[in-house]
Amino acid sequence: MAMLLNSVRRSPLNPSKAVHYAARTLSTTSQIYAQAQVKSKKTLARPGVKNIVLVEGVRTPFLLSGTAYADLMPHDLARAALQGLLHKTSLPKDAVDYIIYGTVIQEVKTSNVAREAALGAGFSDKIPAHTVTMACISSNQAMTTSAGMIAAGQCDAVVAGGVEFMSDVPIRHSRKMRKTMLALNRAKTLGQRLSLIGSIRMAHLSPELPAVAEFSTAETMGHSADRLAAAFGVSRLEQDDFALRSHSLAKKAQEEGLLQDVIAFKVPGRDIVSKDNGIRPSSKEQMAKLKPAFVKPHGTVTAANSSFLTDGASAVLIMSEEKALAMGYKPKAYLRDFVYVSQDPKDQLLLGPTYATPKVLDRAGLTMDDIDVFEFHEAFAGQIMANLKAMDSDWFAQTYMGRKVKVGTPPMEKFNLWGGSLSLGHPFGATGCRLVTTVAHRLQKEGGQYGLVAACAAGGQGHGMLIEAYPQ
């Protein structure tokens with residue numbers, strides 16, 4: 001990391017560039033739409049390859065953990081998303097071939113949450129379902145697995161989704177206590193049981209709390225984000241400016257009714273929830289008062305410029321184009337191509353977008369200039385800023401990526417214009433579907449042709465996907 005820090009600072013990268021765009025006056029929606037025009041670029045359809053389409057995408061409102069969803073279970077949220085998808089599409093409950101869900105922190109009672117949610121939502125019990133996990137790109141994996149099954153001819157229609165429930169995460173007994181309890185279960189005599197009970201000490205009662213930390217490095221993601229921001233010279237002000245941008249754009253999108261994927265959900269015993277509750281535009285002055293959350297006392301990552309613990313679920317209907325049209329659907333977008341990447345989980349934990357973006361563009365024969373809509377996952381403002389600086393560095397491209405020239409940065413007038421994970425929330429397993437659905441909706445609204453989704457994930461992994469607008 002020291003080498004990365006010194007070399008990036010010596011590179012021709014302009015550290016103030018991000019401040020310039022972060023402080024830039026936000027364009028109004030009307031200006032954005034007035035500037036947008038329908039493109040006449042080549043299509044990414046390939047001869048002999050099935051066209052795979054996104055028919056619809058929905059999500060529950062994303063809520064701060066510990067709020068209105070606090071008394072539910074993960075499958076309750078996943079079921080609500082699936083029921084919302086059924087309602088929005090009028091899809092017959094036996095019309096899909098498979099269901100795949102992504103999640104990260106699994107509830108032990110519903111380890112295959114995809115199956116439990118599908119049954120609860122009323123899908124036919126003849127439809128197989130399985131659950132995948134790939135950290136923050138778990139629902140991305142659910143979607144690409146669905147696309148692969150359709151491309152292979154195994155299925156014509158698949159529902160993919162994701163769910164995360166941070167209000168009630170599994171908390172384990174200590175290992176010594178678990179061993180003692182298992183031994184008690186096997187004990188044959190009263191004497192054996194009393195002996196085992198007598199061996200319990202106070203230290204055995206200390207619980208093991210879950211942590212958003214890397215198993216391989218034992219470092220929390222927030223701590224890694226702080227180090228990454230420092231390595232790329234990302235200031236606290238830059239991070240706060242970007243976070244404020246995210247919340248401001250999300251608030252605007254919410255007020256203008258642009259977040260069409262959000263479905264109302266009647267929480268049992270509570271009122272109907274119909275919108276995300278983490279969107280809270282603040283002021284630079286208020287944000288500046290917060291103390292560092294991870295690297296103390298001199299870190300730059302705070303609660304205000306980080307994504308928050310979130311409860312929520314999402315679901316998308318993916319079909320072959322032929323099947324969708326035969327059922328009378330008008331698809332929203334084509335799912336064209338995707339890549340997964342992986343790099344050093346210690347010093348490059350959150351640089352997935354930097355590595356995934358050029359790789360997926362190269363596969364499709366596109367450049368950054370061809371992309372009309374960018375939706376990047378915002379784990380931390382510092383993570384986004386570091387990725388943008390890495391993408392704008394010839395030195396980084398040559399030293400770490402084996403590329404002759406830099407990737408280039410997305411224009412801010414195309415980037416996360418309806419807010420992002422910093423403001424909308426980030427249920428780990430559900431964010432990928434939100435990103436893809438948002439790209440589809442923005443392409444329709446803005447008249448663009450190509451959209452790019454990119455995300456980082458624990459383990460030093462990342463994902464990139466190209467989406468093409470469906471002809472209107």
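The values are calculated or read from the model by the stated rules, or taken from the named source; none is laboratory data. Since the structure is predicted, the reported quantities are computational estimates derived from the model, not experimental observations. Counting neighbours? That spans all protein chains shown, and the Cβs are built from the backbone with ideal geometry, glycine included. Protein only, heavy atoms only, side chains kept; ligands, DNA and RNA dropped before computing areas. Shrake-Rupley method; radii C 1.70, N 1.55, O 1.52, S 1.80 Å.
Quick notes on this one:
- Boolean, Val104 is within 28 Å of Ser423 (Cα to Cα), touching a residue at least 12 places away in the same chain (Cβ under 8 Å), under 23 Å from the mean Cα position of the chain (by Cα) and open to solvent by 10 Å² or more (accessible area, probe 1.4 Å): yes
- Per the listing Asp344, Asp362, the residue uniquely without any contact (Cβ under 8 Å) to a residue 40 or more places away in the chain and either surrounded by fewer than 17 Cβ atoms within 10 Å (Cβ to Cβ) or small (Gly, Ala, Ser) (or both) is Asp362.
- Here Val38 meets each of (1) open to solvent by 30 Å² or more (accessible area, probe 1.4 Å); (2) farther than 29 Å from Leu244 by Cα; (3) modelled with pLDDT of 50 or more with one exception, condition (3).
- The criterion of at least 1 residues that are in contact with a Lys or Arg (Cβ under 6 Å, 6 or more places away or on another chain) and touching a residue at least 60 places away in the same chain (Cβ under 8 Å) is met by the following strands (runs of 3 or more DSSP E) wholly inside the stretch 365-472: 373-376, 461-469.
- Residue match in the stretch 281-297 (condition: in contact with a Phe, Trp or Tyr (Cβ under 8 Å, 6 or more places away or on another chain), within 28 Å of Leu77 (Cα to Cα), touching a residue at least 24 places away in the same chain (Cβ under 8 Å) and surrounded by fewer than 23 Cβ atoms within 10 Å (Cβ to Cβ)): no
- Every residue from the stretch 65-114 that is assigned to a helix (DSSP H, G or I), touching a helix residue (DSSP H, G or I) at 6+ places or on another chain (Cβ under 7 Å) and within 19 Å of Thr145 (Cα to Cα): Ala78, Leu82, Val113
- Meeting the requirement of 2 or more residues that are touching a residue at least 60 places away in the same chain (Cβ under 8 Å) and out of contact with any strand residue (DSSP E or B) (no Cβ under 6 Å at 6 or more places or on another chain), the helices (runs of 4 or more DSSP H) wholly within the stretch 186-280 are 221-231, 236-255.
- Conditions (1) assigned to a strand (DSSP E or B); (2) buried (at least 24 other Cβ atoms within 10 Å of the Cβ): number failed by Asp337: (2)
- Residue check for Asp276: at pLDDT 95 or above and touching a Pro at 6+ places or on another chain (Cβ under 9 Å): yes
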